[in-house]
Structures are given as C-alpha cells and as structure tokens.
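Trainee: Before I ask anything, let me first share the structure, which is written out below as structure tokens.
The values are calculated or read from the model by the stated rules, or taken from the named source; none is laboratory data. In this text, all values refer to a predicted model and were calculated from it rather than measured experimentally. FYI the Cβ positions are ideal-geometry reconstructions off the backbone, even for glycines, and counts take in every protein chain you see. Keep in mind that these areas ignore ligands, DNA and RNA; they rest on the heavy atoms of the full protein, side chains included. Shrake-Rupley method; radii C 1.70, N 1.55, O 1.52, S 1.80 Å.
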Amino acid sequence: MRILVWHVHGGWMDAFVRGSHEYLVPTTPARDGWGLGTGGRDWPNVVEIAPEDLAAADVDLVVLQRTEEAGVVTEMLGGRQVPTVFVEHNAPRVDVPGSVHPFRDRDDLTIAHVTHWNALMWDCGSTRTTVVEHGVVDPGLLYSGRLERFGAVINEPVRRNRVVGTDLLPRFAEVAPVDVFGMGTEHLVELGHGDRLVGLGDVKPDPMHAALAERRAYLHPNRWTSLGLSLIEAMHMAMPVLVLATTDAPRTVPAEAGAISTDVAELTRASRLLLDDPDEARRRGAVAREAALARHSLARFLRDWDELLDDTVTRHHRANRTTRPALEGSTR
C-alpha cells in the first residue's frame, strides 16, 4: 500500500514505517509540524512529498495522529475519500471516565488506540475502535548498570510536572542521582536539587540508549500518560525498571522486572535494593527484557498493523461499492 502519514511521534513512526508498505510523509521547506519529513532519520520505505503534490499522488490509506489533520486531508487529496485510521496516542485528560472522543460516532474512520487503558477510558460511541499495542525496534541487550545512578526519559519535565511525575524524582534522587534525558530537561536545574537531579537534554536514540544502559535502573514516574516507548526500550535493553502502576503499565511490567507500585515508598525501597545489589538488578533486568520481547516486539506490531490496514481498506471499499441497477426485464 501507499500510506499517507505525518511525522508526529518519532518513536512510534520509527516502528510504523518499518513495514512492507510505502509511506508518504509530507515535507515542507520549514520542516515544521505539518512537514517534518523524515526528520533526518534513515527510513528507507519513506517517500518525502510536498503537501501540494498530494492531490495527484496515489494514496491507498491515510493514517492520522492529530484531530486537526482530519480537517485538511480530504482537501489535500483533491476531495478524494480514502480509507482512514486515526491513531489515538493519548489517554483522556478531562472528565475521566466520561471523556468523549473528538471522533465519537463516526462511520468514516477507525480509531486505533495504543493501549487498552486508553480504549477503556475514551468514549468513542459507535466509531469502530481497536487496539494496536506499541512495538519498538529492539536496541539490543545493552545493560551494564555500572553507574550507581538512575535514568529516565521525560520530555518537558518541568512544564508537565505532575502528569509525568517530575515532582517524584527528588525522592529517588535521595537514593542516587537521577539523570533525565529529553526535551526541556535543562529546566530541571530550576527545581534546585543540584547534581542529584540532572537534565541531559534531547539526545539522539542510539547514544541515549547506550548512556541509559549504564545507569543502574530506569525510572518511569508517569502518573497519567500512555505507556512510554522509552520504558519499553529500557526493558528491551534489560534494564530493571521502577514504574508507577498507573494507566496501562501493569499490563506490560511484571513485578519481577524491577518494581511496579502506586506506593512511591515501595519503589524507593526497591531502588535502594537495586543500587546495593547489582546481581539482583541484572536478574530483574533479564525479566524485563523477556517481558518486553514477548509483548512489544516489532514483528508483532507490524503484523497487527497489517491486519488493521487490510481490514480498513476492505471495509471502505465494501461501504462505497455501488450496486449496478438491474436490467429492464431481469428476473433477478
């Protein structure tokens, strides 16, 4: 298939565009949110395309990730109605559990949630929904844990604060320094915890994975977000993980993979154990890797997406098929 999809969430796209299709990714000279293109990533199945060229392009299916894309894509395609899937990356933020999805009661698209928690919490009405859980490119068994420090990946930790659990990080920093990778982490210095809470900036995936794997354990203090791809990647690397048992995390993280709880004191006690016992940290990290490979492999992710794409195209064609009028005098 030829699939139109904007580059919105880099981690998710990195897995999605590794399928067997051709992916048309809008690209503008500004390389902005409406035309980022590959963003400098090596994606061999991706074709960068100017938005003004979409009207004449062959497109078999559209994958949307932002609600505002639905308002412009038909015009960009010259008025054509193309099979459409909307990927809902987020958990609802207001009026939970009565949150009404913006695409509730639609018959012209399918909503693909990335976690079962999100599917449970969004009220999508009669709109067809499904769940395709995350898959990631396996960075490999990188864990050494040689540094008595903790690592986390959190974008905009100061601005997002309680949503991503930034306020909890100082409690772990009392046990060992916490290094945080991600956009906007330079603002962590404003919180006043000195060298116990360190922002390391937005680092490219490969060097970030290598650096994270040197830390003794991975922290996932998020209160209310979809399941983090960085958590799944850390588990693939065989890092033991310390995870708040919120949203869909309990579905992915077994207790033996490190610790998972809504009791932060329990998590900090586990962090001390991992710090004091490197062998136990390695043992729990091995469990984490086994669990991640079983649930979040790239092969499973792409297989699930292929099934959804095929089904979406079939349903669209069936719904739009016109029945020929019977010939005059026909006995049919």
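Trainee: With the structure loaded, tell me whether A245 is among the small types (G, A, S), more than 23 Å from W12 (Cα to Cα), without any contact (Cβ under 8 Å) to a residue 24 or more places away in the chain and open to solvent by 20 Å² or more (accessible area, probe 1.4 Å) or whether it fails that test. Give the derivation first.
Mentor: Numbers: among the small types (G, A, S): yes; more than 23 Å from W12 (Cα to Cα): no; without any contact (Cβ under 8 Å) to a residue 24 or more places away in the chain: yes; open to solvent by 20 Å² or more (accessible area, probe 1.4 Å): yes.
For A245, the condition - among the small types (G, A, S), more than 23 Å from W12 (Cα to Cα), without any contact (Cβ under 8 Å) to a residue 24 or more places away in the chain and open to solvent by 20 Å² or more (accessible area, probe 1.4 Å) - is not met.
Trainee: In the range 243-290, how many are polar (S, T, N, Q), closer than 19 Å to S226 by Cβ and assigned to a helix (DSSP H, G or I)? So that I can check it myself, show each step before the final result.
Mentor: Taking the range 243-290 and keeping what is polar (S, T, N, Q), we get 246-247, 252, 261-262, 268, 271.
Those still in the list that are closer than 19 Å to S226 by Cβ too: 246-247, 252, 262.
Retained after the next criterion (residues that are assigned to a helix (DSSP H, G or I)): 252.
Count: 1.
Trainee: If T27 passes every condition in (1) of a type in the set (S, T, N, Q); (2) over 25 Å from V114 (Cβ atoms); (3) crowded, with 19+ Cβ neighbours inside 10 Å but one, which one does it miss?
Mentor: T27 satisfies all of (1) of a type in the set (S, T, N, Q); (2) over 25 Å from V114 (Cβ atoms); (3) crowded, with 19+ Cβ neighbours inside 10 Å except (2).
Trainee: Now, a different point. Go through the residues of the range 229-236 one by one and say whether even a single one is under 20 Å from V180 (Cα atoms), in contact with a Lys or Arg (Cβ under 9 Å, 6 or more places away or on another chain) and either open to solvent by 10 Å² or more (accessible area, probe 1.4 Å) or at pLDDT below 95 (or both).
Mentor: no
Trainee: Please find, within the range 197-219, the residue that is surrounded by the fewest Cβ atoms within 10 Å (Cβ to Cβ) out of those that are touching a Leu at 6+ places or on another chain (Cβ under 9 Å) and assigned to a helix (DSSP H, G or I).
Mentor: Per the stated criteria, the residue is A210.
Trainee: Where the second residue is among the basic types (K, R) and in a strand (DSSP E or B) and the first is surrounded by 12 or more Cβ atoms within 10 Å (Cβ to Cβ) and lies in the range 42-56, which pairs have Cβ atoms under 9 Å and are six or more apart or on separate chains?
Mentor: Cβ pairs passing all conditions: V47/R2.
Trainee: Report every pair of residues separated by at least 6 positions or lying on different chains whose Cβ atoms are under 6 Å apart, first residue within the range 127-144 and open to solvent by 40 Å² or more (accessible area, probe 1.4 Å), second part of a loop (DSSP other than H, G, I, E, B) and of a type in the set (D, E).
Mentor: What qualifies is S144/E214.
Trainee: Now, a different point. Among the listed residues V96, V100, V153, which satisfies the condition of being aliphatic (A, V, I, L, M) and crowded, with 20+ Cβ neighbours inside 10 Å?
Mentor: V153
Trainee: Hey, another quick one. Considering only residues that are more than 19 Å from P83 (Cβ to Cβ) and of a type in the set (A, V, I, L, M, F, W, C), look in the range 9-33 and name the one that is nearest to the chain's Cα centre (by Cα). So that I can check it myself, show each step before the final result.
Mentor: So the first thing to find is which residues in the range 9-33 are more than 19 Å from P83 (Cβ to Cβ), and the list is 9-15, 18, 27-33.
Of the ones still in play, those that are also of a type in the set (A, V, I, L, M, F, W, C) are 12-13, 15, 30.
On the way: W12: 5, M13: 9, A15: 10, A30: 25 Å.
That would be W12.
Trainee: Before we move on, is G78 small (G, A, S), open to solvent by less than 70 Å² (accessible area, probe 1.4 Å) and modelled with pLDDT of 95 or more?
Mentor: Yes; evaluated as a whole, the condition is true for this residue.
Trainee: Could you list all residues from the range 290-310 that are more than 17 Å from the chain's Cα centre (by Cα) and in contact (Cβ under 8 Å) with a residue 60 or more places away in the chain?
Mentor: D306, L308, L309
Trainee: Quick check on this structure: which one of L64, L120, L109 is modelled with pLDDT of 95 or more, open to solvent by less than 10 Å² (accessible area, probe 1.4 Å) and within 21 Å of the chain's Cα centre (by Cα)?
Mentor: On inspection, the qualifying residue turns out to be L64.
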